[in-house]
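What follows is one structure encoded as structure tokens, with my remarks underneath.
The values are calculated or read from the model by the stated rules, or taken from the named source; none is laboratory data. This structure is a prediction, so every number in the text was calculated from the model and none was measured. Here the Cβ positions follow ideal geometry from the backbone for every residue, glycine too, while neighbour counts run over all protein chains shown.
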Amino acid sequence: MVGRIRSLEIQGAKEIAVESLKWLKLFVKEKGFGKDFLEVVSALDASRPTAVVLHNCIEILKEEKNLKTIDRLLDNLATASRKIGEKGSRLIPSGATVMTHCHSGEALSIIKHSFAAGNKLSVIATETEPKHQGFKTAKDLACAGVPVTLITDSSIAFFMKDVDLVLVGSDAMRREGNVNKIGTLMMAMVAKDLKKLFYVAGDTLKLDRRKKLVIEERPLHELYHGLHSIKGAHARNPAFDVTPWGYVKRVVTEKGVLTPSNLVRLL
């Protein structure tokens with residue numbers, strides 16, 4: 001499971017938690033909640049250090065070591081996306097053009113819920129380099145019948161004038177801001193400069209009270225397979241950045257639509 005997470009075969013904060021919990025359910029049925037369990041959850045927790053959902057689930061499971069806890073967490077994660085979709089759909093004006101980044105189940109839930117309710121919205125989705133998660137977003141929306149346009153990350157500023165609002169997901173919500181796929185901060189800065197509304201969607205299991213934030217840096221080969229052979233070249237590949245709450249208009253959670261200051265109070 002750790003290998004599947006690190007290789008991005010499983011990606012997205014919520015999806016990582018869901019698949020890990022399903023795997024852990026099978027694991028503890030066979031081996032219980034003893035030493036092997038603690039070693040396994042430690043390895044899982046370290047597999048993607050930035051996203052916090054799995055970490056929070058593991059901490060809860062350490063305190064409540066039983067299968068019912070796993071089932072409850074899985075149920076909470078499943079119902080949270082639906083509730084976020086219902087509550088957040090009210091933020092999208094009729095006929096709006098929405099820009100989004102990466103692949104967020106919560107953001108997609110809002111868009112799909114609004115579209116299903118009759119809102120003739122459209123979406124501009126970034127390709128999200130270097131792993132191109134935006135292709136998955138565009139495919140999901142197209143399959144749902146939502147008009148979607150795929151753009152390069154570098155053309156965010158070019159297309160921002162054409163959108164009514166920006167809606168992104170979250171890997172962790174901290175006091176200093178929203179942690180999300182690299183490029184989110186750039187998108188937020190452009191949106192603010194052009195006076196576009198910027199919304200974040202994420203369930204409360206993404207509240208991050210850890211003392212230290214580790215921004216995961218991914219392998220070089222994800223950027224460019226031949227770069228290692230260029231003499232003197234150096235590259236870095238951070239997977240996430242932090243958008244300060246001053247850029248964010250509202251945060252959509254399963255408990256309701258919050259102001260950033262209200263969210264920080266929860267932390």
* Structure fact -> Of the listed residues (His234, His221), the one being in the same structural domain as Glu129 (by TED's automatic domain parsing) and part of a helix (DSSP H, G or I) is His221
* **Identity of the residue in the stretch 83-107, within 17 Å of Glu15 (Cα to Cα) and out of contact with any Asp or Glu (no Cβ under 6 Å at 6 or more places or on another chain), that ends up surrounded by the most Cβ atoms within 10 Å (Cβ to Cβ)** => Ala107
* Structure fact -> Over the stretch 4-30, the set of residues within 20 Å of the chain's Cα centre (by Cα), of a type outside the set (Val, Ile, Thr) and assigned to a helix (DSSP H, G or I) is Arg4, Arg6, Ala13, Lys14, Glu15, Ala17, Glu19, Ser20, Leu21, Lys22
* **Condition met for Gly134 (on the phi > 0 side of the Ramachandran plot, outside any strand (DSSP E or B), small (Gly, Ala, Ser) and free of Cβ contacts under 8 Å to residues at least 60 places away in the same chain)** => no
* Asked: Does any residue of the stretch 222-245 turn out to be out of contact with any strand residue (DSSP E or B) (no Cβ under 6 Å at 6 or more places or on another chain), closer than 21 Å to Ser81 by Cα and charged (D, E, K, R)?
  -> no
* State the number of residues belonging to the stretch 158-175 that are in a strand (DSSP E or B) and either closer than 15 Å to Thr126 by Cα or basic (Lys, Arg) (or both). => 5
* Output the helices (runs of 4 or more DSSP H) that fall wholly within the stretch 31-118 and possess 3 or more residues being touching a residue at least 60 places away in the same chain (Cβ under 8 Å), or say none. => 53-63, 67-88, 105-116
* Can you tell me which residues in the stretch 191-245 are under 28 Å from Ala46 (Cα atoms), among the hydroxyl-bearing types (Ser, Thr, Tyr) and either modelled with pLDDT of 95 or more or under 14 Å from the mean Cα position of the chain (by Cα) (or both)? -> Thr204, Thr243
* Asked: Looking only at the stretch 8-30, which residues are within 26 Å of Arg82 (Cα to Cα), in contact (Cβ under 8 Å) with a residue 12 or more places away in the chain and of a type in the set (A, V, I, L, M, F, W, C)?
  -> Leu8, Ala13, Ile16, Ala17, Val18, Leu21, Trp23, Leu24
* Here are Leu213, Leu205, Leu150: which of them is part of a strand (DSSP E or B) and either surrounded by 14 or more Cβ atoms within 10 Å (Cβ to Cβ) or out of contact with any strand residue (DSSP E or B) (no Cβ under 8 Å at 6 or more places or on another chain) (or both)? -> Leu150
* Glu222 fails exactly one of the following numbered conditions: (1) in contact with a helix residue (DSSP H, G or I) (Cβ under 9 Å, 6 or more places away or on another chain); (2) over 25 Å from Ile92 (Cα atoms); (3) of a type in the set (Asp, Glu). What is the number of that condition? -> (1)
* To do: Could you please let me know if Thr184 is touching a residue at least 40 places away in the same chain (Cβ under 8 Å), among the hydroxyl-bearing types (Ser, Thr, Tyr) and either surrounded by fewer than 16 Cβ atoms within 10 Å (Cβ to Cβ) or farther than 20 Å from Ala13 by Cα (or both)?
  => no
